Amino acid sequence: MRPFANPAPTIIQINLQFLTVFILALFAFWIWPGDPYWWGMGVISILCVFAALTVFMQALRAIWILNRRERAMKEFLARGKSPKNAKLADEEILERAGMI
């Protein structure tokens, strides 16, 4: 990541990952078979749960990386002084410096 990159795309990505987890979990719950005859749907449901867990772990990792990056940037920016406006040189300052 670039030092001063906008975190908005990463936050949108994390939210989309959580939406994907919710949809996969809902689909897994919805297709869970009530009858042993449909055991194949149970396998698909279990695969959906594993996929949801994988995407959930990816989202947590992205949150951890974003949090670590933001904390490092805050520490880095706290080291320096805040920028100040420069004084304009008037005639008196120029005379004292021997320029006029």
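The values are calculated or read from the model by the stated rules, or taken from the named source; none is laboratory data. In this text, all values refer to a predicted model and were calculated from it rather than measured experimentally. A quick note on method: Cβ atoms are made from the backbone with ideal geometry, for glycine too, and the neighbour counts reach across all protein chains shown. With ligands, DNA and RNA removed, areas are computed over all heavy atoms of the protein, side chains included. Shrake-Rupley method; radii C 1.70, N 1.55, O 1.52, S 1.80 Å.
Here are some notes:
- Looking only at residues of region 28-42 that are open to solvent by 90 Å² or more (accessible area, probe 1.4 Å) and in a helix (DSSP H, G or I), we find that the one that is farthest from L53 (Cα to Cα) is Y37.
- Boolean, L24 is open to solvent by less than 70 Å² (accessible area, probe 1.4 Å) and not β-branched (V, I, T): yes
Conditions (1) in contact (Cβ under 8 Å) with a residue 12 or more places away in the chain; (2) open to solvent by 80 Å² or more (accessible area, probe 1.4 Å); (3) part of a helix (DSSP H, G or I), marked per residue:
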{"site": "T10", "(1), (2), (3)": "yes, no, yes"}
{"site": "Q13", "(1), (2), (3)": "yes, yes, yes"}
{"site": "F50", "(1), (2), (3)": "no, yes, yes"}
{"site": "L77", "(1), (2), (3)": "no, yes, yes"}
{"site": "N85", "(1), (2), (3)": "no, yes, no"}
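- Residue within region 32-44 that is more than 16 Å from the chain's Cα centre (by Cα), of a type in the set (G, A, S) and at pLDDT below 90 present: yes
- Unique residue being over 11 Å from the mean Cα position of the chain (by Cα) and in contact (Cβ under 8 Å) with a residue 40 or more places away in the chain when the list is F18, F27: F18
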